[in-house]
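Let me begin by presenting the structure, written as C-alpha cells, before commenting on it.
The values are calculated or read from the model by the stated rules, or taken from the named source; none is laboratory data. Note that the structure is predicted; figures quoted are calculated from it, not measured. Cβ placement follows ideal geometry from the backbone for every residue including glycine, while neighbour counts extend to all protein chains displayed. We work out accessible area using only protein heavy atoms, side chains counted, and drop any ligands, DNA or RNA first. Shrake-Rupley method; radii C 1.70, N 1.55, O 1.52, S 1.80 Å.
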Amino acid sequence: MITCPRPLVLALTGCSLTVGIGISVYATSVLAQEERADAALNQLVHEPPTMEDLESADIHPELKKVIRYGHDLFTNTQQLRGENVFNDMNCSSCHLGEGRVPFSAPVWTAAITLPDFRGKNQHVNNLEERIAGCFAYSMNGVPPEYGSDEMLALSAYHQWLATGAPMYPDKPIYGRGFPAPEEPTEDPSYARGETAYQENCSICHQENGAGHYENDEYVFPPPWGDGSNNWGAGIARLETMAGFIYQNMPLGQPRSLSDQQAWDIAYYITSQERPQDPRYTGDVAETAERFHGRSLYGQTREHDGHVLGDHDNFGEKGDIKPWNVGMPRFENLSEE
Amino acid sequence: MNNTYVSRVGLCVGITLIAAGAVAQEGNMERGQAAAASCSACHQADGSGMNVPDGESWPRLAGLDADYIAKQLHDFKAGRRDNATMATFANMLNDQQIADVAAYYSQLPATQGQGGDEANETLLARGQQLAERGDWNAYIVSCQSCHGPGGKGVGDTFPGIAGQHAGYIHTQLTAWKNETRSNDPQNLMGAIAKRMSDDDIQAVSAWYAKQPASADQESTQ
C-alpha cells in the first residue's frame, strides 16, 4: 500500500511518487501506480496533514484548538442543525475522509486558489464565501456570519490542510473536485439507474433515498428528498453527481461501478425531488433558465410528467433565506 | 416502503435495512430458549460467549440484532459462511428454530467484551482512530460509518461490534482479509478488511472489546 514514510507535504518537492492518498484507493488496479506517477509530473499532488499530525505540529496551542474545532464542525456539522444546517448532512457527507481525499472534492484546494472569480455568483470570492456557498446549497442552510467563531474555525481547518502547498499553483490540482467518468456509450437511463441504485446503494441510503439515522444519530445521508441538499447545490448537477458516485460510492469501493452505471444512477438520483433552490424566482422555468444549465431542474420527467423543481418546498428551513445568496459585492468597482 | 416496486426489480428484499424485518420469520423467545440449550456450552447461558486467546473465540450473541443472527445461521447452514464448528450446530436448527434462537439471544442484555488487555495506549489510540475516523491514507473507512455511532450497530445489516470479544473480532477481520469469510452483502466488509494491516486488526479489536455494547451498559458503568 503506502510504501514510503509519508512526509507532511509532497506537493512541491515531487519527492517520492509512491506517496499520497488515493493510490491505495485503487490498490486493486495496477493503473493506480501509473496514475499517480503520471499525475505528479504535471499536476500539483499535495497530501494534507492528518489530525495526528496536528497534535505534533509546531504551532500555537490556541490555533490547534481552533483547527480541532473546525475539524469537528466539518465532520459533525449537525451540531449546527436548526441554526446553520437544515438538512441531514455534514460537510464530510460529500467531502469524504474529513475533506482530505482526492476525487472527493478535497477542500484545502480552495485555500490556495481563492480569492478568485467564481462563475456561480459572478464575483470574486474568498475562502469564507466559498464555505458559505456550501452552507446555503449543500447544507440547505444559512451560513454562519463571516468572521464568526464557526467560520473562522472552518477556514482555519481548510487552510491548515493546505499546509505547504503553493498559493495560486501554476498546475492543475490532482484529485480536485469530483471528476466525471468517461461519457457513457448509451444515454443515461432512468430505469437502468433505478435498478442499479436499488442493487448497489439502497442497502445504506434506503430505497426511497431518505438515508438512515440510527437512534437519531447520523449514519447514512439522503441523496434526495427533504433531508438532502437543495437544487442549487453543485452535486445536483448530473455530471457532478456522476463524478461523485463513480469516484466514491459504494462507500469503501471507489471506481468499482462502470462508467455507464455511474451515469445511469446519477441520472436517476438527479431526477428526484429535493428542496427548492434558494435563488428561486417564484417561477421554475425562469429559475431554470437563469441558474440551471447543467442540472435536470425545470425539466419534465418522462415516466410521470413531473416538472423537477416545480414546488415551493424549501425543506426544513422553510422561508428563511440564506443571507449570502445574491449578496452584491464590489458594486463600487462595477463601473470600470 | 414500496413492496411492489421491490419485487418488480427482483431485489433481494432481505438485504435492505427496512425491508428485512418484514420478511423475517416471527421468532418465539420461549421456544428459542429451549433450542439454545445446545448452544450454551460455547455461547454461555447468558449469551456472553467467551474470549479464547489464541483459539476460536465464541462470540457474544446477547443483544445482537435478531435478523442479523438469523442471517448468520442461514449462512452457516448453506455454507456461505464457512466454519466447521458452527456448521454442525446450525444444521441442527430448522428455519423456525433459527428465528426462535435469534429472537431469544437478541433480547438478552448485552454483556461486556473480553480480551485486548495486552494492548498498550498507542495501539488503543490507533484502534479508536480506525473506529471513529478511519485511515483514509489507506482508504480504510471508519468502522462507525457502517456500524454506527459507538459501533453499536445499524439496522439488521450492520451488526453491533462494540463490546464483542477481541479474539472474535480479530478472527473475523482476518477471515475477511484472507477471503475465508465472504458472506457480507456487496463485499462491504471485505473491501475494508483487505486494506488493514495485522496491527490495525489487533488495534481495532482491542479497542472495540473495551467499548460498551449498549446504551444501558454505558449508564451502569
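Within the stretch A:249-289, which residues have the backbone N less than 13 Å from the label spot 7 Å out from A:D304 along Cα→beta-carbon, could you tell me?
Hits in the stretch A:249-289 for A:D304 at 13 Å: A:271-274.
If we count every other residue with Cβ under 13 angstrom of A:L257's Cβ, Lys/Arg +1 and Asp/Glu -1, where does the sum land?
-2
Note down the magnitude of the dipole of the stretch B:121-220 about its Cα centre, charges +1 on Lys and Arg C-beta and -1 on Asp and Glu C-beta and zero elsewhere, to the nearest 20 debye.
For this selection, approximately 140 debye.
Skipping prolines and chain starts, which residues have an amide H placed within reach, meaning under 5 Å, of the one on A:L44, given they are 5 or more residues away or on another chain?
Sorted by chain and number, the residues that satisfy this are A:I173, A:Y174.
Using alpha-carbon pairs under 8 Å, 6+ residues apart, how would you state the relative contact order of chain A in percent?
Reported relative contact order: 17 percent.
Taking 8 Å as the Cα distance limit and 6 or more residues as the minimum spacing, I'd like the relative contact order of chain B as a percentage.
It comes to 23 percent, rounded to a whole number.
Between B:E118 and B:E56, what is 0.36 nm times their sequence separation minus the Cα-Cα distance? Round to one decimal in nm.
20.5 nm
Lys and Arg at +1, Asp and Glu at -1: add these up for the other residues within a Cβ distance under 13 Å of B:L173 and post the number.
Charge balance in the 13 Å sphere: -1.
Compute the Cα gyration tensor for the stretch B:26-107, then decide on rounded, prolate or oblate, letting a ≥ b ≥ c be the square roots of its eigenvalues: rounded whenever a/c is under 1.5, prolate when a/b is larger than b/c in the other cases, and oblate in all that remain.
Oblate, because a/c is 1.5 or more while a/b does not exceed b/c.
Give the accessible surface of chain A per residue, rounded to a whole number of Å², with probe radius 1.4 Å and ligands, DNA and RNA excluded.
Per-residue accessible area for chain A comes out at 44 Å².
Compute, for the protein assembly as shown, the length of the dipole vector about the Cα centre, with Cβ point charges of +1 (Lys, Arg) and -1 (Asp, Glu) only. Units Debye, rounded to 20.
700 debye
How charged is the neighbourhood of A:F291? Take every other residue with its Cβ under 13 Å from the Cβ of A:F291, and add Lys/Arg as +1 and Asp/Glu as -1.
+1
Where in the stretch A:144-169 does the amide nitrogen come within less than 20 Å of the point 7 Å from the Cα of A:M327, taken along Cα to Cβ?
Only A:144-159 pass the distance filter.
List every residue whose amide H lies under 5 Å from the amide H of A:V85, counting only residues 5 or more places away in sequence or on a different chain, with H placed 1.01 Å from N in the peptide plane.
HN-HN under 5 Å from A:V85: A:V142.
Give me the summed buried accessible area for the A-B pair, 1.4 Å probe, to the nearest 100 Å².
Adding both sides of the contact gives about 3000 Å².
Only counting protein heavy atoms at a 1.4 Å probe, give the residues of the stretch A:202-230, ordered by number, whose accessible area falls by 40 Å² or more when the other protein chains are present relative to the chain alone.
A:I203, A:Q206, A:E207, A:E214, A:V219, A:F220
Quick one: which residues, 5 or more positions from B:R81 or on another chain, have an amide H under 5 Å from its amide H? H modelled 1.01 Å from N in the peptide plane, none for Pro or chain starts.
Amide H neighbours of B:R81, under 5 Å, 5+ apart: B:F76.
Restricting to DSSP loop positions (anything but H, G, I, E, B) with no more than 14 other Cβ atoms inside 10 Å of their own Cβ, which GluC sites (Glu not before Pro) remain in the stretch B:95-185?
For GluC sites (Glu not before Pro) across the stretch B:95-185 that sit outside H, G, I, E and B with at most 14 neighbouring Cβ atoms in 10 Å, the list reads B:E118, B:E179.
Across the stretch B:142-150, in residue order, what do the Karplus-derived ³J(HN,Hα) couplings come to in whole Hz, using 6.51 cos²θ - 1.76 cosθ + 1.60 with θ = phi - 60° and x for Gly and Pro?
4, 4, 6, 5, 10, 7, x, x, x
Pop the C-beta distance of A:M167 and B:A37 into the FRET formula with R0 = 60 Å and round what comes out to the nearest 0.05.
Efficiency for this residue pair is about 0.25.
Relative contact order of the stretch B:26-107, please, whole-number percent, based on alpha carbon pairs below 8 angstrom and at least 6 residues apart.
46 percent
Using a 1.4 Å probe on the protein heavy atoms, what percent of the accessible area of the stretch B:136-217 belongs to carbon and sulfur?
53 percent
Over all residues in B:124-136, what is the mean tally of Cβ atoms on other chains that come within 10 Å of each residue's Cβ?
That works out to 3 on average.
With the dipole of the protein assembly as shown worked out from charges on the C-beta (+1 for Lys and Arg, -1 for Asp and Glu) around the Cα centre, which of B:H74, A:G309, B:M196 lies farthest toward the positive end?
B:M196
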